[in-house]
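J.: Pasting a structure below so you can have a look.
The values are calculated or read from the model by the stated rules, or taken from the named source; none is laboratory data. If you're wondering where the values come from, they're calculated on a predicted model, not measured in any experiment. All Cβ positions, glycine included, derive from the backbone under ideal geometry; neighbour counts span all protein chains shown.
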Amino acid sequence: MAEISIQQTQAQSTQFVTVQPPRKPIPWGQVMTYVLLSFGVLLALLPFIWMVSWSLMSTVEVYTGKLIPARLMFGNYSIAWEQANFAQYMWNSARIVIISITGLLLFCVPAAYAFARMKFFGKNVLFGLMLATLMIPDIVTLIPNFLTVVWISRLSEALGLGAWIDSWQSLTIPFMASAFAIFLLRQFFAQIPDDLWDAARIDGAGHLRFMISVIVPLSRAALATIVIFAFIGSWNSLQWPLLVVRSDNWLPVAAGLTTFANAEAGDEFNLQMAASVIMILPILVVYFFTQKQFTEGIASTGSKG
């Protein structure tokens, strides 16, 4: 009887034995993808980390090759701000950015709407020619733009309207029409459902009212993307302002940083890095507050409910 009970107990125990599922193989492809992406992020962040680290060092620490400052010297920022006259240059760049972005929206939004929603003779040809200008390097158009500004400036002076050289006109008007901005907005406007246009037509709206009341509110993400690109381009502009500006009244912050690095700062690389951090802070702040709209403007199809 004892042997029978032992056999029954063993049979019952074998009924409750659980079989463990086989282990999933390690996705080495996904692991390598994350490793490469992390390495790319590190390469992108390393120059900024190095710049911030140097901006908080003393001159001796910079020349000795230290990676981390022994004591954080935030006074470098105040010294760079005062010596580089950043208050004037920041104000100049702020005015240039505001005027440039306002003009860009006033010209590019109607042009993109016309290419996307209106029918007229030669539309595709004009759009193709405009896209072809994107293939021309900026350096090629530098001299023609400068000669055009000089000619218009002389004409304006002859008419008693003032010169364009060394003024906001030469810094902003040549860049108030962007082929890239028109292309991006056109692609966004074209994908907005036609049902909205039909509904607007029933209410008696024309193209102007439809553009202002419907298209523009639905395209805030695309417009934010254009504004960010225009802001970065105007804020970092250096070569063109050095050609058309003679005094400090309209020199942007990039030109001020160049002057400071070549003259006042000299070999004090910690002050140069502090000035560079001050220059890029507005760009980081603008992107921080508009990153959601920027990402949506790049990835969105344009159709919204």
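J.: Answer with yes or no whether Ala221 is under 20 Å from the mean Cα position of the chain (by Cα), more than 30 Å from Thr148 (Cβ to Cβ) and of a type outside the set (Val, Ile, Thr).
T.: Working: under 20 Å from the mean Cα position of the chain (by Cα): yes; more than 30 Å from Thr148 (Cβ to Cβ): yes; of a type outside the set (Val, Ile, Thr): yes.
Against the criterion (under 20 Å from the mean Cα position of the chain (by Cα), more than 30 Å from Thr148 (Cβ to Cβ) and of a type outside the set (Val, Ile, Thr)), Ala221 qualifies.
J.: Of all residues in region 83-126, how many are β-branched (Val, Ile, Thr), more than 19 Å from Ile192 (Cα to Cα) and touching a Leu at 6+ places or on another chain (Cβ under 9 Å)? Quick ask: steps written out before the conclusion?
T.: If we filter region 83-126 for residues that are β-branched (Val, Ile, Thr), which is where we start, we get 96-99, 101-102, 109, 125.
Subsequent filtering for residues that are more than 19 Å from Ile192 (Cα to Cα) retains 96-99, 101-102, 125.
Adding the requirement that they be touching a Leu at 6+ places or on another chain (Cβ under 9 Å) leaves 96, 99.
The total comes to 2.
J.: Suppose we filter Tyr89, Tyr77 for residues that are under 24 Å from the mean Cα position of the chain (by Cα), part of a helix (DSSP H, G or I) and among the aromatic types (Phe, Trp, Tyr); which single one remains? Give the steps one after another, and end with the answer.
T.: Details: Tyr77 fails: under 24 Å from the mean Cα position of the chain (by Cα).
Of Tyr89, Tyr77, the one residue that is under 24 Å from the mean Cα position of the chain (by Cα), part of a helix (DSSP H, G or I) and among the aromatic types (Phe, Trp, Tyr) is Tyr89.
J.: Is at least one residue of region 96-114 over 28 Å from Arg186 (Cα atoms), small (Gly, Ala, Ser) and free of Cβ contacts under 8 Å to residues at least 60 places away in the same chain?
T.: Our first condition is that a residue be over 28 Å from Arg186 (Cα atoms); within region 96-114, this holds for none.
Checked region 96-114: no residue is over 28 Å from Arg186 (Cα atoms), small (Gly, Ala, Ser) and free of Cβ contacts under 8 Å to residues at least 60 places away in the same chain.
J.: So Phe120 ticks every box in (1) outside any helix (DSSP H, G or I); (2) more than 24 Å from the chain's Cα centre (by Cα); (3) under 22 Å from Val253 (Cα atoms); (4) hydrophobic (A, V, I, L, M, F, W, C) but one. Which box is left unticked?
T.: All conditions pass for Phe120, except number (3).
J.: Of all residues in region 198-246, count the ones that are in a loop (DSSP other than H, G, I, E, B) and surrounded by fewer than 16 Cβ atoms within 10 Å (Cβ to Cβ). Before you say what the answer is, go through the steps one by one.
T.: Taking region 198-246 as the starting set, the residues that turn out to be in a loop (DSSP other than H, G, I, E, B) are 203-206, 219, 236-238, 245-246.
Then keep just the ones that are surrounded by fewer than 16 Cβ atoms within 10 Å (Cβ to Cβ); that gives 203-204, 206, 236, 238, 246.
Looking only at that region, the number is 6.
J.: Check Met90 against each of (1) surrounded by 11 or more Cβ atoms within 10 Å (Cβ to Cβ); (2) at pLDDT below 90; (3) among the hydrophobic types (A, V, I, L, M, F, W, C) and name the one condition it does not meet.
T.: (2)
J.: While we're looking at this one, here's another question. Quick test of your reading of the structure: Phe107 fulfils all but one of (1) surrounded by 18 or more Cβ atoms within 10 Å (Cβ to Cβ); (2) modelled with pLDDT of 90 or more. Name the failing condition by number.
T.: With respect to (1) surrounded by 18 or more Cβ atoms within 10 Å (Cβ to Cβ); (2) modelled with pLDDT of 90 or more, Phe107 is out only on (1).
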